[in-house]
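Enquirer: Handing you this structure, nothing more for now.
The values are calculated or read from the model by the stated rules, or taken from the named source; none is laboratory data. Computed from a predicted structure; not experimentally measured. Note that we place each Cβ from the backbone using ideal geometry, even for glycine, and neighbour counts take in every protein chain shown.
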């Protein structure tokens, strides 16, 4: 497999994963690596990255609208008020990933996020790495970094769950704290 950028259906060079399916193409071009600075947007990404753990991102991406409906549009305050009845509803919702530990983590994480004095965005963006060289190949893209370890440690200390350093780094990528589009990827310029 070519580990550098590959041509997409329009001839533009992209990260290889971004052209592997049509679902990935739109996500790669329009979302991944673009800065998200609002609390609810970051809560959505944090929740989805936790649900992705051990699964394909494509599975989560294809269920995303179901997740949004099931989790009240990822409005932190609304999810923080979910009850046992909501938990049961989520566990029975075939439109999402029905993993009890991940559902419980999402509910607990909403409660923690709702209680943050400065908000989730301020907490997450404190861990943005300083300037990094653009990766030339997929092999140069890390799965975790010292910053993702620090973020995971702080999130866990505050009571967040399902937030290891790899999940924290995936959040950093998805929310634009890092720009891991390959150096010659056409989407790299638009993501910063």
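Enquirer: Of all residues in the stretch 4-32 being surrounded by 17 or more Cβ atoms within 10 Å (Cβ to Cβ) and assigned to a strand (DSSP E or B), which is nearest to the chain's Cα centre (by Cα)?
Expert: For the stretch 4-32, the residue satisfying everything is 14.
Enquirer: Something else: Checking the condition free of Cβ contacts under 8 Å to residues at least 12 places away in the same chain, touching a helix residue (DSSP H, G or I) at 6+ places or on another chain (Cβ under 7 Å) and either more than 19 Å from residue 173 (Cβ to Cβ) or outside any helix (DSSP H, G or I) (or both), which residue from 98, 37 passes? Steps first, please.
Expert: Values: 37 fails: free of Cβ contacts under 8 Å to residues at least 12 places away in the same chain.
Unique residue meeting the criteria: 98.
Enquirer: Name the pairs: first residue in the stretch 64-75 and at negative phi and surrounded by 14 or more Cβ atoms within 10 Å (Cβ to Cβ), second residue in a helix (DSSP H, G or I) and at pLDDT 95 or above, Cβ to Cβ under 6 Å, at least 6 apart or on different chains?
Expert: Final answer for the pair search is 70/90; 71/79; 75/40.
Enquirer: What's the number of the only condition in (1) in contact (Cβ under 8 Å) with a residue 24 or more places away in the chain; (2) more than 15 Å from the chain's Cα centre (by Cα) that residue 130 fails to meet?
Expert: Tallying (1) in contact (Cβ under 8 Å) with a residue 24 or more places away in the chain; (2) more than 15 Å from the chain's Cα centre (by Cα), residue 130 fails exactly one: (1).
Enquirer: Now for a separate question. Please verify whether residue 110 is touching a helix residue (DSSP H, G or I) at 6+ places or on another chain (Cβ under 9 Å), surrounded by 14 or more Cβ atoms within 10 Å (Cβ to Cβ) and either part of a helix (DSSP H, G or I) or modelled with pLDDT of 95 or more (or both), treating the condition exactly as stated. Reasoning before the result, please.
Expert: Working: touching a helix residue (DSSP H, G or I) at 6+ places or on another chain (Cβ under 9 Å): yes; surrounded by 14 or more Cβ atoms within 10 Å (Cβ to Cβ): yes; either part of a helix (DSSP H, G or I) or modelled with pLDDT of 95 or more (or both): yes.
Yes, satisfied.
Enquirer: Can you find a residue that is under 21 Å from residue 24 (Cα atoms), without any contact (Cβ under 8 Å) to a residue 40 or more places away in the chain and touching a helix residue (DSSP H, G or I) at 6+ places or on another chain (Cβ under 6 Å) anywhere in the stretch 77-84? Please lay out each step first, then the result.
Expert: Residues of the stretch 77-84 under 21 Å from residue 24 (Cα atoms): none.
Taking every residue of the stretch 77-84 in turn, none turns out to be under 21 Å from residue 24 (Cα atoms), without any contact (Cβ under 8 Å) to a residue 40 or more places away in the chain and touching a helix residue (DSSP H, G or I) at 6+ places or on another chain (Cβ under 6 Å).
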